[in-house]
Amino acid sequence: MIFDIASERFLNHLEIERNFSGESLRAYRNDLLQFRVFLEKRGQLDLSTVDHLCLRAYLAETAAKPLADGKTYERRSIARKLASVRSLFRYLHKRGELKENPAKLLRTPKVNRDLPSFLDEGQVGALLDGPDASWSGLRDRAILEMLYGTGLRVSELVKLDMLDLELGRGTLRAHGKGRKVRMLPLLPSAMQCLNAWFAVRTKPPRAAQGIDPATRAVFINQRGTRLTDRSVRRLVEHYVEKAAITCHVSPHTLRHTFATHLLNHGADLRDVQELLGHASLATTQVYTHVTTARMLDVYEKAHPDAKNPKAA
């Protein structure tokens with residue numbers, strides 16, 4: 001199986017069958033192109049010639065490769081590149097293209113998992129108060145309310161169509177990873193902001209003829225076309241700066257904030273897993289570390305013995 005053919009089949013599988021986002025596909029493609037360069041130097045573009053030792057050599061070369069600043073890849077980057085290669089071989093083996101999976105026994109470098117960053121409730125309030133009553137402001141307030149109030153991924157938010165919303169029932173359908181659909185509740189504040197947005201949505205400022213009646217997107221730009229991931233990231237950055245929030249905040253930070261605030265207020269971990277659309281509870285459990293870290297911080301600041309430890 002020649003590498004170029006195999007990698008294109010694999011990437012098409014990720015895009016069509018597993019519904020990977022454009023950003024994820026670009027990351028996989030870049031990782032596989034780097035692996036291709038390694039194989040080409042060794043004259044092993046036929047993947048049936050690749051064995052466990054070859055993959056270990058690739059892992060060693062990647063770990064030692066100097067970057068532009070003279071540093072080397074962090075363990076997290078190496079682990080991701082290795083995961084891309086491992087996924088390719090698992091795909092080929094599962095479909096009978098390869099008799100053996102040479103990546104099966106390959107060990108992934110241990111990575112210290114960073115705790116997700118989140119905003120406190122005061123920062124969220126300042127962020128939500130940022131948009132004004134203009135056409136864009138009404139849209140942006142609805143977007144911020146949805147990101148914080150539902151925990152949607154930014155890719156899920158921009159995919160929302162009008163038919164995905166059931167305001168009468170206070171719910172929406174989120175189209176997540178792997179074409180999985182989940183139902184999410186809408187807070188009254190989010191529904192109020194959506195209704196205010198829908199009152200002006202059909203009159204985008206830069207669309208002379210108004211919105212195309214066939215446009216199904218919930219969130220559109222000033223020309224009347226569907227908003228992109230990048231546009232949402234930019235508008236979040238704008239309101240973060242306006243709210244004088246100094247830490248880095250992205251749309252995904254609001255997803256982290258949604259989950260952390262739910263757990264802080266007593267939500268069950270499995271309920272949060274369902275709301276976030278995580279396939280594994282282990283993925284959601286990282287937020288318990290966040291809430292535990294917060295609890296210890298509050299304890300150390302508030303408890304008198306923590307402030308003034310007594311001598312034993």
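Here are the numbers:
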read-out	value
The range 153-199: number of residues that are in contact with a Phe, Trp or Tyr (Cβ under 9 Å, 6 or more places away or on another chain) and exposed (fewer than 13 other Cβ atoms within 10 Å of the Cβ)	2
Residues satisfying the stated conditions in the range 1-33, i.e. part of a helix (DSSP H, G or I), of a type in the set (A, V, I, L, M) and touching a Leu at 6+ places or on another chain (Cβ under 8 Å)	Ala6, Leu11, Leu14, Leu25, Leu32
Hits in the range 260-282 (condition: in a helix (DSSP H, G or I), closer than 19 Å to Val124 by Cα and not aliphatic (A, V, I, L, M))	Thr260, His261, Asn264
Qualifying residues in the range 111-152 (those that are among the aromatic types (Phe, Trp, Tyr) and surrounded by 19 or more Cβ atoms within 10 Å (Cβ to Cβ)) - the one nearest to Asn195 (Cα to Cα)	Tyr148
The lone exception for Glu61 - which of (1) farther than 30 Å from Leu263 by Cβ; (2) modelled with pLDDT of 90 or more; (3) not in a loop (DSSP other than H, G, I, E, B) it fails	(2)
Criterion violated by Gln222 - all others in (1) of a type outside the set (Lys, Arg); (2) in contact (Cβ under 8 Å) with a residue 60 or more places away in the chain; (3) assigned to a helix (DSSP H, G or I); (4) surrounded by fewer than 16 Cβ atoms within 10 Å (Cβ to Cβ) satisfied	(3)
Checking Leu32 against (1) at pLDDT 90 or above; (2) farther than 30 Å from Tyr287 by Cβ; (3) out of contact with any Ser or Thr (no Cβ under 6 Å at 6 or more places or on another chain), the condition it does not meet	(3)
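The values are calculated or read from the model by the stated rules, or taken from the named source; none is laboratory data. It should be emphasised that the depicted structure is a prediction, and the values quoted were computed from it without experimental measurement. Counting neighbours? That spans all protein chains shown, and the Cβs are built from the backbone with ideal geometry, glycine included.
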